[in-house]
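The values are calculated or read from the model by the stated rules, or taken from the named source; none is laboratory data. Note that the structure is predicted; figures quoted are calculated from it, not measured. Note that we place each Cβ from the backbone using ideal geometry, even for glycine, and neighbour counts take in every protein chain shown.
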Amino acid sequence: MKKTTAIIIGLCISCCSFAQYKTTGVIERINDALDLVIDKNSKAEIIAEGFEWSEGPLWVKRYKMLLFSDVPTNTIYKWTAEKGKEIYLQPSGFTGTSSKSKEPGSNGLLLDTQGSLVLCQHGNRQMAAMSSDLDKPEAHFLRLASHYKGKRFSSPNDAVYNRQGDLFFTDPPYGLPMQNDLDPEKEIPFNGVYNRKKNGIVSLLTDSITRPNGIAFFPGEKQLIIACSDPAKPNWYSYDVVDGELKNGKIFYTAKMEKGIKGLPDGLKINSKGIVFATGPGGIWIFNSNAVLLGKIKLDEAASNVALSDDEKTLFITNDMRVLRIGLK
């Protein structure tokens, strides 16, 4: 796809101020209902760049800042409209002395029910919470979950809390040195999706997804979607959530017909209206809650994850070496 680049000057939506940014991306309209989500002439602004592989964006309303991981460099950055990008936390995912991992840093980022920063840590192979305040970040972490039945996780990737404070997270092998199931450091023979209860008990939810990745609840938390980043099975799966367990798993949508396009099903978010913003081949795929594909934000580099502003009027996108934002309706 030909790259679209321009310069715009204007008032940024929701959490932004006057600024000047290059733009990229093209909106592909597949269903008329997309007009209720995003303007067909919208373009994504490149608000930060120069990263190795950006991931795990998180909008923090209280500080009007976007946090995101640069996984290979073991760093979390923050972006604000006033100061642009700044290093926020280093190290972020590996706190030892040496690592063979190509991606040792944090991946997915989220806030717990108390507002503390929670990290999917590749290098430390655990879910962890930063023990310091958000406005005074320090690389000191409280371990939340690191083992299942006495065996270490491979590299927790993405996560979401429910309203009860239970933590749902995925564990593919991308933080291991070989980044696959043959890695001798891999202890659990499958790639699982887990639930960590408030009391600390970890249970397996499913081991049937070959590369579980992004995870998000629909409004009401009775259903969720899990992305599979396996090139052989590039699917989004939906599950009913019954008493903290996953039931009735099925393919929500598949990208198996997309060939030779950068990107796979990876991170995703679902807004309060049940609209799904999912990274996939060629950019961001936008679905309604009935698995109808409304359209796409087509990008020339692989997208890894997305975040919504608190008013859901801005979508942030981690897009390989750069971070984007685009206005929504």
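Computed quantities for the displayed model
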quantity: Meets criteria (free of Cβ contacts under 8 Å to residues at least 12 places away in the same chain and either more than 18 Å from GLY200 (Cα to Cα) or in a strand (DSSP E or B) (or both)) for LYS100; calculated: no
quantity: Filter result for VAL242 (surrounded by 14 or more Cβ atoms within 10 Å (Cβ to Cβ), of a type in the set (A, V, I, L, M) and under 18 Å from VAL193 (Cβ atoms)); calculated: no
quantity: Residue within segment 176-197 that is acidic (Asp, Glu), touching a Gly at 6+ places or on another chain (Cβ under 6 Å) and at pLDDT 95 or above present; calculated: no
quantity: Residues satisfying the stated conditions in segment 111-129, i.e. in a loop (DSSP other than H, G, I, E, B) and either touching a helix residue (DSSP H, G or I) at 6+ places or on another chain (Cβ under 7 Å) or free of Cβ contacts under 8 Å to residues at least 40 places away in the same chain (or both); calculated: GLN114, SER116, HIS122, ASN124
quantity: Test: residue in segment 85-93 that is surrounded by 23 or more Cβ atoms within 10 Å (Cβ to Cβ), at negative phi and part of a loop (DSSP other than H, G, I, E, B); calculated: yes
quantity: Where SER132 falls short, out of the listed (1) assigned to a loop (DSSP other than H, G, I, E, B); (2) in contact (Cβ under 8 Å) with a residue 12 or more places away in the chain; calculated: (2)
